[in-house]
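Working notes, structure below.
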Amino acid sequence: MKIDPFANHASALKLRASRNEVLAGNIANADTPNYKARDFDFAEALAAQQSAGGGGDTVRLLKTQPGHFGVAAGAASNPTVGYRIPSQPAVDGNTVETDIEQAAYAENVVGYQASLNFINQKIRGLRTAIKGEI
């Protein structure tokens, strides 16, 4: 079994980037009549991706016999994007609440930066181990 120390964070970065696109689209369409705000649950999408073989310590399934069921590569790579339920919908049918979208975007960016920091720390640790420096 191959263990990839970066897989969990790589998956998280991809999902966070996708979520940034969705949230940025919401913010960009804040004044568009009848636009419906969209989002997805990051934790749920990450768990689904890891259970589909996208995680670092998971065992990947191979179809070695004709009777075996196949597992599509990246089966959970596209999260299910749903519509956000507004607390104060606009008269024109727009459901974007700018303050909520900006807060969700900021939170997502912090999570993205945290994953980058974890990857950088792992790389720094590997460099230290290779070079033998303290």
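Quick notes
- Selected residue (only one of 81, 109, 96 is free of Cβ contacts under 8 Å to residues at least 60 places away in the same chain and not small (Gly, Ala, Ser)): 81
- Scope the range 28-53; condition of a type in the set (Phe, Trp, Tyr) and under 14 Å from the mean Cα position of the chain (by Cα); matching residues: 40, 42
- Matching residues, the range 118-134, being part of a helix (DSSP H, G or I) and open to solvent by 70 Å² or more (accessible area, probe 1.4 Å): 118, 120, 121, 122, 124, 126, 127, 129, 130, 131
- Complete set of residues in the range 28-86 that are among the hydroxyl-bearing types (Ser, Thr, Tyr), open to solvent by less than 80 Å² (accessible area, probe 1.4 Å) and at pLDDT 60 or above: 32, 35
- Of the set (1) small (Gly, Ala, Ser); (2) part of a loop (DSSP other than H, G, I, E, B); (3) within 21 Å of the chain's Cα centre (by Cα), all apply to residue 90 but (3).
- Single unsatisfied condition, residue 108 versus (1) under 11 Å from the mean Cα position of the chain (by Cα); (2) at pLDDT 95 or above; (3) open to solvent by 90 Å² or more (accessible area, probe 1.4 Å): (3)
- All told, residue 91 falls short of being open to solvent by less than 90 Å² (accessible area, probe 1.4 Å) and of a type in the set (A, V, I, L, M, F, W, C).
The values are calculated or read from the model by the stated rules, or taken from the named source; none is laboratory data. Everything quoted here is computed from the prediction, not taken from an experiment. All Cβ positions, even for glycine, are placed from backbone atoms using ideal geometry, and neighbour counts span all protein chains on display. For the accessible areas, the whole protein counts, side chains as well, though only heavy atoms, and no ligand, DNA or RNA atoms are used. Shrake-Rupley method; radii C 1.70, N 1.55, O 1.52, S 1.80 Å.
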